[in-house]
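Mind having a look at this structure? Questions to follow.
The values are calculated or read from the model by the stated rules, or taken from the named source; none is laboratory data. Only a predicted model underlies this, so the values are computations on that prediction, with no experimental measurement involved. Don't worry about glycine lacking a Cβ; one is built from the backbone with ideal geometry, like all the others, and counts go over all protein chains shown.
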There are 2 protein chains.
Amino acid sequence: MSNKNIVNPYEVKGKVDYNGLIHEFGLEKIDEKVLNRIQNHTRDLHQMLKRGIIFAHRDLNWILDEYEKGNKFFLYTGCGPSGPIHLGHLQMWYFTKWLQDKFDCELYFQFTDDEKFLYKNLSYEEIQKWTEENMLDVIAIGFNPKKTHFIIDTKHAGLLYPEAIKIAKKITFSTIKSSFGFTDSNNIGSIFYTSMQAVPAILPSVLKKKNVPCLIPLGVDQDPHFRIARDVFPKLGFYKPAILHKLMFPSLTGMNNVMSSSKGSVLITARDSPSEVKKKINKYAFSGGQATMEEHKKKGGNPEIDVSFQYLKHFFEESDERLNQLEKDYTSGKISTGEMKYYTIEKINQFLKEHQKRRESAKSKISKYFLKY
Amino acid sequence: MSNKNIVNPYEVKGKVDYNGLIHEFGLEKIDEKVLNRIQNHTRDLHQMLKRGIIFAHRDLNWILDEYEKGNKFFLYTGCGPSGPIHLGHLQMWYFTKWLQDKFDCELYFQFTDDEKFLYKNLSYEEIQKWTEENMLDVIAIGFNPKKTHFIIDTKHAGLLYPEAIKIAKKITFSTIKSSFGFTDSNNIGSIFYTSMQAVPAILPSVLKKKNVPCLIPLGVDQDPHFRIARDVFPKLGFYKPAILHKLMFPSLTGMNNVMSSSKGSVLITARDSPSEVKKKINKYAFSGGQATMEEHKKKGGNPEIDVSFQYLKHFFEESDERLNQLEKDYTSGKISTGEMKYYTIEKINQFLKEHQKRRESAKSKISKYFLKY
């Protein structure tokens, strides 16, 4: 275990070994069989499912069993508001919208402003500003407004805290230490916090006074929170939530890092202008191509490490046919890194243009999304 | 430091060395000078002040300075609802009422139902039942209903939690370990909890958006919570609260233990009938007298260790003259332990009769006392 992955909500170190993670975390791989089960209900499959970007799960078969028995699940995902929304967030949430549309689900969307305040060197006011900002992007995703409920931890604390202490009573600091790599120097709010993140997974069950199945789509770094929560919930009489695990979204500078606001790395944000996107991709996106054009034409490029191609694969190219063609042509050297970048810039900008348009009209809608109770 | 006192909210071990505690905790002794300052405003002095039952303080001179400048303080005290109210609670709260009456103060009264749930082997529902029960006793004390505000941690979490995380961000687990004797096996709710207990000391300042001085009368075992909080508040721009420290109320079985619902010891509760009080005092109250009546008449008794006398001294005998006479007569052997018990039973029963009468009409008033915000 000397090569153990460091993948938790507070640290993702180096190149993630996803197969190792499946073993370490005890996840199930997304396979043909479970994809077929999903497709029975959704007709088509989202590109992230087909391409293994959603690569693992917990209890997905159980949640489909329940669904097929007429016991509908709700979705729960969230946002840690400490900076601008970037492509990694958008990818996760547009996939969540696809799930909501296909399964016609309620969605509980948590803004973990307490978490970000407790973990970041930012003031309470700065975090509140980012929470407002980020809510606009979440609204712009286009979730069903009648079935989407925002939970803002500090604003909904009256609802969350009484449930969080029931969870917290069953979690020792030893567990937190081993799950998140904490020490005695961590602040006591950050130590408690995982109980607050657990609550939305049972909140509809609490409010409706009957058990409702929950499906959580998340970036795999968030799994440790729910690994702990899943141990606790049955002791309190609740279902364990099912989980869908997404690969980490790659950093511009290469596949060995993840796009993250925590790392001071270059982000492509939801509010970037077309020229900013162009500049960032052209300047930073790691190339899988050869040193010279001639060499590239002769030997071809490596799409596995070409960040532009990977962005298309992870999310921005919906057509499998087109993606396969790009892969073939890049591998053979028929198309250059420059051409790959050009195409990727076009795809991202086209996507952001629509997103930004919807974002403009989001402000007046915020309070409509707040969970009422 | 091998004889270090173990005195914290979660453990009070053996006979407390109060002078040692003043040194260890860094408290100031209640002396003539500060008593005179109080008396300037209150005309008379409560028996607990005159007799050194309120034995120490923090920053009482500061709070009187502010008061004399016209900057009124508010009072903050509380109740951990996990069992019946006993004489130790009543003593603390009737003294608090005296302070409220004399200084015409607002009082914030916290019910720490989250704390008790997190620390005790009791269900959430049992704790809620005790909270309701205990509120009746607090109302029966007779606090000014226009100036008394109940804070129930789980019900007011929407107000408390956003402030608690600001405090929690500045407290490490190391601090908690050394203050409360915790280990990695403590649950993460109990580790966070001290931040919730800190909030009422700044809540009026938060709500009024200006600093308001706070005075906290408490049993000295609660001091560690506020020793931590006092370190944090100035970093957040708030005053440190002043504190009045009460001796622990003695157990029936002797001065080497304290009356506490945690210890499974025999309690005299606020709801005991006259015959229950009589039975408990007669059966359990440790006697400072001699083995036989004859010996007692010859050698006299020791009021320092006679629990009945100590109950009178700690609270139930208001008249200093009468108390001094009892002390003299017991020391000389003129009155027996039986007579001392008889008198103590009368005094306690008389007191509880009035309390219980007021308690009967308390139920309909509960919600009026809840802090509105």
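From B:VAL12, B:VAL34, grab the single residue that is buried (at least 16 other Cβ atoms within 10 Å of the Cβ) and either under 21 Å from B:LEU99 (Cβ atoms) or basic (Lys, Arg) (or both).
Of B:VAL12, B:VAL34, the one residue that is buried (at least 16 other Cβ atoms within 10 Å of the Cβ) and either under 21 Å from B:LEU99 (Cβ atoms) or basic (Lys, Arg) (or both) is B:VAL34.
Quick check on this structure: which one of B:TYR119, B:TYR76, B:TYR94 is in contact with a Gly (Cβ under 9 Å, 6 or more places away or on another chain), in the same structural domain as B:ASN19 (by TED's automatic domain parsing) and under 16 Å from B:ASN144 (Cα atoms)?
Going through B:TYR119, B:TYR76, B:TYR94 in turn, just one is in contact with a Gly (Cβ under 9 Å, 6 or more places away or on another chain), in the same structural domain as B:ASN19 (by TED's automatic domain parsing) and under 16 Å from B:ASN144 (Cα atoms): B:TYR94.
Restricting attention to region B:19-31, which residues are touching a strand residue (DSSP E or B) at 6+ places or on another chain (Cβ under 9 Å) and surrounded by fewer than 19 Cβ atoms within 10 Å (Cβ to Cβ)?
Hits for region B:19-31 are B:ASN19, B:ILE22, B:GLU24, B:PHE25, B:GLY26, B:GLU28, B:LYS29.
Output the helices (runs of 4 or more DSSP H) that fall wholly within region B:76-173 and possess 2 or more residues being under 16 Å from the mean Cα position of the chain (by Cα), surrounded by 19 or more Cβ atoms within 10 Å (Cβ to Cβ) and not acidic (Asp, Glu), or say none.
B:87-103, B:124-140
Table: residues versus (1) closer than 23 Å to B:HIS225 by Cβ; (2) among the aliphatic types (A, V, I, L, M).
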position	(1), (2)
B:GLY14	yes, no
B:ASP17	yes, no
B:GLY26	yes, no
B:LYS29	yes, no
B:GLN39	no, no
B:THR42	no, no
B:ALA56	yes, yes
B:ASP59	yes, no
B:TRP62	yes, no
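Given the structure, is B:GLN128 polar (S, T, N, Q) and more than 14 Å from chain A (Cβ to nearest Cβ)?
Spelling it out, it is not the case that B:GLN128 is polar (S, T, N, Q) and more than 14 Å from chain A (Cβ to nearest Cβ).
Of A:GLN356, A:GLN325, which residue is assigned to a helix (DSSP H, G or I) and either touching a residue at least 60 places away in the same chain (Cβ under 8 Å) or not assigned by TED's automatic domain parsing to the domain that holds A:LYS297 (or both)?
A:GLN356
Scan the strands (runs of 3 or more DSSP E) fully inside region B:193-269 and keep the ones with 3 or more residues being hydrophobic (A, V, I, L, M, F, W, C) and in contact (Cβ under 8 Å) with a residue 12 or more places away in the chain.
The strands (runs of 3 or more DSSP E) meeting that bar are B:214-219, B:242-246.
Can B:ILE176 be described as among the aliphatic types (A, V, I, L, M), at the interface with chain A (Cβ under 8 Å from one of its Cβ atoms) and either over 18 Å from A:THR112 (Cα atoms) or under 25 Å from the mean Cα position of the chain (by Cα) (or both)?
In short, yes.
Okay, moving on. Write out, first by first residue and then by second, each pair whose Cβ atoms fall under 8 Å of each other, whose residues are 6+ apart or on separate chains, and whose first residue, in region A:272-300, is under 30 Å from A:LYS357 (Cβ atoms) and assigned by TED's automatic domain parsing to the domain that holds A:GLY338 while the second is surrounded by fewer than 14 Cβ atoms within 10 Å (Cβ to Cβ) and not polar (S, T, N, Q).
A:PRO274/A:LYS353
Shifting gears a bit: Before we move on, is B:ASP223 surrounded by 20 or more Cβ atoms within 10 Å (Cβ to Cβ), assigned by TED's automatic domain parsing to the domain that holds B:TRP93 and not small (Gly, Ala, Ser)?
Considered against the rule, which asks whether it is surrounded by 20 or more Cβ atoms within 10 Å (Cβ to Cβ), assigned by TED's automatic domain parsing to the domain that holds B:TRP93 and not small (Gly, Ala, Ser), B:ASP223 comes out as yes.
Conditions: (1) under 23 Å from the mean Cα position of the chain (by Cα); (2) not in a loop (DSSP other than H, G, I, E, B). A:ILE305 meets all but one. Number of the miss?
Looking at each condition in turn, A:ILE305 falls short on (2).
Tell me which residues, restricted to region B:34-76, are touching a helix residue (DSSP H, G or I) at 6+ places or on another chain (Cβ under 8 Å), in contact (Cβ under 8 Å) with a residue 60 or more places away in the chain and among the charged types (D, E, K, R).
Once the filter is applied, which keeps residues that are touching a helix residue (DSSP H, G or I) at 6+ places or on another chain (Cβ under 8 Å), in contact (Cβ under 8 Å) with a residue 60 or more places away in the chain and among the charged types (D, E, K, R), region B:34-76 yields B:LYS50, B:ARG51, B:ARG58, B:LYS72.
Mind checking whether some residue in region A:196-216 is of a type outside the set (D, E, K, R), at the interface with chain B (Cβ under 8 Å from one of its Cβ atoms), out of contact with any strand residue (DSSP E or B) (no Cβ under 7 Å at 6 or more places or on another chain) and farther than 20 Å from B:SER178 by Cα?
no
List pairs: first residue in region A:77-96 and without any contact (Cβ under 8 Å) to a residue 60 or more places away in the chain and more than 21 Å from A:SER123 (Cα to Cα), second residue buried (at least 21 other Cβ atoms within 10 Å of the Cβ) and among the aromatic types (Phe, Trp, Tyr) anywhere in the structure, Cβ distance under 9 angstrom, at least six positions apart or on different chains.
So the pair list comes out as A:TRP93/A:PHE109; A:TRP93/A:PHE143.
Between B:ILE243, B:ILE281, B:ILE228, B:ILE335, which is surrounded by 14 or more Cβ atoms within 10 Å (Cβ to Cβ), in contact with a strand residue (DSSP E or B) (Cβ under 6 Å, 6 or more places away or on another chain) and β-branched (Val, Ile, Thr)?
Only one candidate passes the filter, namely B:ILE243.
Now a separate question. Take the conditions under 17 Å from A:HIS86 (Cα atoms), surrounded by 14 or more Cβ atoms within 10 Å (Cβ to Cβ) and out of contact with any strand residue (DSSP E or B) (no Cβ under 6 Å at 6 or more places or on another chain) and apply them to A:PHE309. Does it pass?
Taking the combined requirement at face value, the residue does not satisfy it.
A follow-up question, please. Pick out the one residue from A:MET293, A:MET248, A:MET259 that is closer than 19 Å to A:LYS13 by Cβ and modelled with pLDDT under 95.
A:MET259
So, of the residues in region B:179-192 that are in a helix (DSSP H, G or I) and under 25 Å from the mean Cα position of the chain (by Cα), which turns out to be farthest from A:VAL232 (Cα to Cα)?
B:SER179
Which members of region A:30-59 meet the condition of being farther than 22 Å from A:GLY88 by Cβ and outside any loop (DSSP other than H, G, I, E, B)?
A:GLU32, A:LYS33, A:VAL34, A:LEU35, A:ASN36, A:ARG37, A:ILE38, A:GLN39, A:ASN40, A:HIS41, A:THR42
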